[in-house]
Amino acid sequence: MIEGGCLCGAIRYAITGPLADIQVCHCHSCQKAQGGPFATNIPVDRSCFEWQGGQAHIRSHESSPGKHRLFCGRCGSPLISRRDDAPETVRVRAGTLDRAPAVGIASHAFTADAASWWDGDDAAPRFAGPRPKAQ
């Protein structure tokens, strides 16, 4: 089991099963939501994700039609996002895991929107727009 939660500790979650590699998103929406140059997302099958406590503190914002960003209402930590068109998957924010995951970076999406002040240098595939569905 892999556990994580928000900065203040009010919200806790657990993931059962292996983690996929991290998907990095550089879109403007993710930059605003994360307060940084990108979001680091780990897609997790919904059946392997469970809230362990603090659900009363979860807040949600529909940042674009059908995309919901869930965060802690006390400390503001972004936790997961989910899409109405993919209810079987949640996208866990990698930085909210209790321990660094033993995974790598799968790809970078929306690099055309990347912050000019961030110079990422890993060798993961890069896509100017959304990553292809097979990713």
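Readers should treat all values here as calculations from the given coordinates under stated rules, not as data from a laboratory. Keep in mind that this is a model prediction, so the values were computed, not measured. Counting neighbours? That spans all protein chains shown, and the Cβs are built from the backbone with ideal geometry, glycine included.
Just a few scattered comments:
- Shape call, the range 2-113: gyration tensor on alpha carbons, a/c limit 1.5: rounded
- Where GluC sites (Glu not before Pro) fall in DSSP loop in the range 1-109, at most 16 other Cβ within 10 Å: GLU88
- In range of the label at SER64: residues from the range 80-106 whose backbone nitrogen is under 15 Å from the point 7 Å along Cα→Cβ: 81-86
- Projected area averaged over orientations for the range 25-90, convex hull of C-alpha atoms, nm²: 4.6 nm²
- The range 12-54 shape via C-alpha gyration tensor axes, a/c threshold 1.5: oblate
- Ranked packing of 25-31, 89-95, most packed first, by mean Cβ within 10 Å: 89-95, 25-31
- Taking every Cα-Cα distance in the range 51-119 and sorting them into 10 Å bins starting at zero, the pair-distance distribution P(r) comes out as 16, 41, 37, 7 percent.
- Stretched out straight at 0.36 nm per residue, the stretch from ALA56 to ARG83 would grow longer than its current Cα-Cα span by 7.6 nm.
- Residues considered: ARG12, ARG99, ARG69. Largest GNM mean-square fluctuation over the chain, using C-alpha springs under 10 Å, is found at ARG99.
- Percentage relative contact order, the range 2-113, counting C-alpha pairs under 8 Å, at least six apart: 35 percent
- Shape category assigned to the range 84-135 from the gyration tensor of Cα positions, a/c cut at 1.5: oblate
- Dipole magnitude (debye, nearest 20) for the range 2-113, charges at Cβ of Lys, Arg, Asp, Glu: 340 debye
- FRET E, pair LYS133, ASP45, Förster distance 25 Å, beta-carbon r, rounded to 0.05: 0.95
- Calculated [222 nm] ellipticity per residue, helices only, for the chain: -1500 deg cm²/dmol; basis is -39500 (n - 2.57) per DSSP H run with n ≥ 4, divided by all residues, nearest 500.
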